[in-house]
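Contents: one structure, followed by commentary.
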Amino acid sequence: MPPFTRTPTPRELRQDVLLAGVMLVGGILSAGLSSIAKVYGADQAELWTAMPYVIVISAALAVRRRWPAAVAIVVSLAFVVATSLKVPEIYAGNIAMFISLYTVGAWMNTRRSAFLVRTGIIVVMAVWLVIEMYRQAIDQAHKADVVAGMFSPLVAFLMLQVLLNVLYFGGAYYFGERSWSAARQRAALEQRTAELERERALSAAQAVALDRVRIARELHDVVAHHVSVMGVQAGAARMMIPQDPQAATAIVAGIETAARDAIRDFHQLLDTLRAPGDSDDGSSTVGVDDIAELAAASTAAGLPTRLQVIGEAAPVPRLTAVNLYRIAQESLTNARRHAGPDAEADVRIRYEPGSVELEVVNTGRLVTGLRPGLGQLGMRERATASGGSIELVPRPTGGFRVRATLPVGAPGPGPVPAPTPGSTPAPDSTPAGALAESGSGAPGRGEESL
């Protein structure tokens, strides 16, 4: 944080000029009344001597915020000279010196110099006051009541002068310091407020960006999955119409179901656009149990998919459940698009203490290069959003493996979701990724775009 500096505004500078004008008028009135009242008795100077004095202190106050140290020194010297010469004006001068000392403390940016200027003026004024008090005591020593006792009228008067000067100079010093401290605190508060406003704007922009990323991720998942399923089924229906119209009709019914599911998911996305949800991804209602339906839909779309649940099911947070489902969905979609016509897939959900692991392994074409895409990015984002990790690697024998490990609460007893009808559970002894190549399609060379 840069050091605090105080700079007067044009409005404050105009106020100083106005103060100088008020002081000039007040000083003239004070000089006239003091001359009539004979404040210095017979030794009082002529009235005209007060005019230069009043003009000097008034002119100095007009620039008090511009040059506080110089103004304080000029006003103090003028006060000493005027008092020594018994110029018939004391009230405007006292006020001007108080304001000038206050201004040094309140507006001088070099704090060490501000301390030295005020201390020097106070020390000089104290020495001068002691000298004046001593001279008055000598002048009045011939009077009997002066030496009559410790608390003679003169001694009491001198003690009163000391007390008033202590309060006078101490007050000017204290209020100047308080004004400087208050201004510094106000500036710090304004700076902090500006920082908070910038942080708020940044947070709002980040929230909008996160919402856009979340919506884009959901949109990609919905489009990639449903359109892929409908495309595969439409191609199969076109080929089956001449040979088996009844089977083609069943496939078209599956396309209709996929279209309805896509419309439902699109409605959820529209709801998210109208009223953005929280970080739990409220736009999605799918979960871990729905992976069984996902595997069945993948099998119906032409990619034989087996589902296996290992371990005792544990409660899974909604965000984690949604992310597991979407990762499985994207993995199967990529397998249908890139693995080839004779590929198969295994989906394993493994519950472990404090975590749940999803592994999707498919056979098929040999992947020689991993080409990053929106699907791969979305899966990584989902794993990271749930505080987990994900592995996306091609298999040496062909196909691809996706393994995501996400943290959950402590595992507890619960039902194990059963595989969907028509899907065959893989044996527990089958190692991860140990899938046999099936069908007559030999592994080919290709690229996996996730």
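The values are calculated or read from the model by the stated rules, or taken from the named source; none is laboratory data. The structure displayed is predicted, hence computed values, not measured ones. Every residue, glycine among them, receives a Cβ derived from its backbone with ideal geometry; neighbour counts consider all protein chains shown.
Please determine whether any residue of the stretch 283-295 is surrounded by 16 or more Cβ atoms within 10 Å (Cβ to Cβ), outside any helix (DSSP H, G or I), modelled with pLDDT under 80 and within 31 Å of the chain's Cα centre (by Cα).
yes
Quick test of your reading of the structure: residue 36 fulfils all but one of (1) closer than 21 Å to residue 125 by Cα; (2) part of a helix (DSSP H, G or I). Name the failing condition by number.
So the condition that residue 36 fails would be (1).
In the stretch 321-343, which residues are touching a strand residue (DSSP E or B) at 6+ places or on another chain (Cβ under 7 Å) and surrounded by fewer than 24 Cβ atoms within 10 Å (Cβ to Cβ)?
Selection gives 338 alone.
Can you list residue pairs whose Cβ atoms sit under 6 Å apart, with the first residue in the stretch 378-404 being part of a strand (DSSP E or B) and the second being of a type in the set (Asp, Glu)? Count only pairs 6 or more apart in sequence or on different chains.
400/448; 403/359; 403/391
Of (1) assigned to a helix (DSSP H, G or I); (2) closer than 22 Å to residue 164 by Cα; (3) not aromatic (Phe, Trp, Tyr), residue 54 satisfies all except one. Which?
(2)
Under 9 Å between Cβ atoms, which residue pairs at least 6 apart in sequence (or on different chains) link something in the stretch 151-173 that is assigned by TED's automatic domain parsing to the domain that holds residue 129 and assigned to a helix (DSSP H, G or I) with a partner that is of a type in the set (Gly, Ala, Ser) and modelled with pLDDT of 80 or more?
Filtered contacts from the stretch 151-173: 165/126; 169/126; 172/100; 172/105; 173/105.
In this structure, does residue 56 turn out to be out of contact with any strand residue (DSSP E or B) (no Cβ under 8 Å at 6 or more places or on another chain), surrounded by fewer than 23 Cβ atoms within 10 Å (Cβ to Cβ), assigned by TED's automatic domain parsing to the domain that holds residue 24 and closer than 20 Å to residue 129 by Cα?
No.
Conditions tested, residue by residue: (1) aromatic (Phe, Trp, Tyr); (2) outside the structural domain of residue 115 (by TED's automatic domain parsing); (3) modelled with pLDDT under 90.
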| site | (1), (2), (3) |
| --- | --- |
| 5 | no, yes, yes |
| 20 | no, no, no |
| 26 | no, no, no |
| 38 | no, no, yes |
| 60 | no, no, no |
| 77 | no, no, no |
| 85 | no, no, yes |
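Specify which of the listed residues (14, 6, 65) is in a helix (DSSP H, G or I) and among the basic types (Lys, Arg).
The match here is 14.
Test residue 346 against the criterion of being in contact with a Gly (Cβ under 6 Å, 6 or more places away or on another chain) and not polar (S, T, N, Q), and give yes or no.
Values: in contact with a Gly (Cβ under 6 Å, 6 or more places away or on another chain): no; not polar (S, T, N, Q): yes.
It is false that residue 346 is in contact with a Gly (Cβ under 6 Å, 6 or more places away or on another chain) and not polar (S, T, N, Q).
Condition check: within 30 Å of residue 214 (Cβ to Cβ) and either modelled with pLDDT of 80 or more or surrounded by 13 or more Cβ atoms within 10 Å (Cβ to Cβ) (or both). Does residue 273 satisfy that?
Values: within 30 Å of residue 214 (Cβ to Cβ): yes; either modelled with pLDDT of 80 or more or surrounded by 13 or more Cβ atoms within 10 Å (Cβ to Cβ) (or both): no.
Taking the combined requirement at face value, the residue does not satisfy it.
Output the qualifying pairs, or none if there are none: Cβ atoms under 8 angstrom, residues six or more apart or on different chains, first residue in the stretch 11-39 and more than 18 Å from residue 97 (Cα to Cα), second residue of a type in the set (Val, Ile, Thr) and surrounded by 13 or more Cβ atoms within 10 Å (Cβ to Cβ).
What qualifies is 34/90; 39/90.
I'd like the full set of residues that are in contact (Cβ under 8 Å) with a residue 24 or more places away in the chain and over 21 Å from residue 15 (Cβ atoms), limited to the stretch 62-80.
73, 76, 78, 80
Does residue 319 satisfy being at pLDDT below 90, of a type in the set (A, V, I, L, M) and farther than 24 Å from residue 292 by Cβ?
No: the conditions fail for residue 319.
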